1. Residue by residue through the range 129-140, note down the ones that are surrounded by 15 or more Cβ atoms within 10 Å (Cβ to Cβ) and in a loop (DSSP other than H, G, I, E, B).
2. From 46, 142, grab the single residue that is more than 16 Å from the chain's Cα centre (by Cα) and not aromatic (Phe, Trp, Tyr).
3. In the range 80-128, which residue that is in a strand (DSSP E or B), hydroxyl-bearing (Ser, Thr, Tyr) and within 28 Å of residue 34 (Cβ to Cβ) is farthest from the chain's Cα centre (by Cα)?
4. Is one or more of the residues making up the range 155-174 touching a Lys or Arg at 6+ places or on another chain (Cβ under 8 Å), open to solvent by less than 70 Å² (accessible area, probe 1.4 Å), aromatic (Phe, Trp, Tyr) and on the phi < 0 side of the Ramachandran plot?
5. Give 101, 125, 143 a once-over and let me know the one that is open to solvent by 80 Å² or more (accessible area, probe 1.4 Å) and free of Cβ contacts under 8 Å to residues at least 60 places away in the same chain.
6. What are the residues in the range 4-50 that are of a type in the set (Ser, Thr, Tyr), closer than 24 Å to residue 72 by Cβ and either open to solvent by less than 60 Å² (accessible area, probe 1.4 Å) or touching a residue at least 40 places away in the same chain (Cβ under 8 Å) (or both), if any?
7. Could you please let me know if residue 149 is in contact with a strand residue (DSSP E or B) (Cβ under 7 Å, 6 or more places away or on another chain) and part of a strand (DSSP E or B)?
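The values are calculated or read from the model by the stated rules, or taken from the named source; none is laboratory data. Note that the coordinates shown come from a computational prediction; the quantities given were computed from them, not determined experimentally. Every residue, glycine as well, gets a Cβ built from its backbone with ideal geometry; the counts of neighbours run over all protein chains shown. Remember, those area values only see protein heavy atoms, side chains included, never the ligands or the DNA or RNA. Shrake-Rupley method; radii C 1.70, N 1.55, O 1.52, S 1.80 Å.
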Amino acid sequence: MKPEKFTTLETGVKWDIRPDLALTGAVFQLDRTNAITADPNDPSRTFLSKGQRTKGVEVSLNGRLTPDWSVMGGYAYQLGEFTSAIQGVAEKGATVGELPRHTFSVWNRYDFTPRIGAAFGVIYRGSMFASADNTIRIPDFTRVDAALFAQFTKSFRGQLNIENLFDTNYFASVHNNNNITPGSPIAIRATLIANF
């Protein structure tokens, strides 16, 4: 297949609210030609689309809100469409598959003492089409994660991670109309780390 080609236009701003807290934003347009597109119903086949265009806005906040509270978060709004038809697969103007319009995530960590901390995060992904034919829509979801941290000694620490704290049913990934992977139910992992 011919190689994919990309043309990206982007402009952005960064504001260092404080030396340890930054707010950034960007507006972008991404044009792709010869974009590899999966067959909506056969994962072994792909097509080249003559063109796709995605426009969007991204905003993020990273750093420390207080000496003990750090945050890392972002929001993105994206619109993607085919700028030419793919015969038998997608019409011109169809929405690009696997592209949610809205995505949001935020991760907070608070250190109660120099040795003990906790974290809480939220991930949101808007609904999206499973493939270029726009026949199967994957619903949106919100997932909550959490963690606890402990520094037992200078060289020994522990961590407890809880993914999908509220046991939300969601689809984690999509590859076409017939290849859709559900997300994990609540998962708990404990880690002990020793440094020598």
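1. The answer is 130, 131, 132, 133, 134, 136, 140.
2. 46
3. The residue in question is 95.
4. Looking through the range 155-174, at least one residue is touching a Lys or Arg at 6+ places or on another chain (Cβ under 8 Å), open to solvent by less than 70 Å² (accessible area, probe 1.4 Å), aromatic (Phe, Trp, Tyr) and on the phi < 0 side of the Ramachandran plot.
5. Step by step, each of 101, 125, 143 is checked, and only 101 is open to solvent by 80 Å² or more (accessible area, probe 1.4 Å) and free of Cβ contacts under 8 Å to residues at least 60 places away in the same chain.
6. Matches in the range 4-50: 24 only.
7. So residue 149 fits the description; yes.
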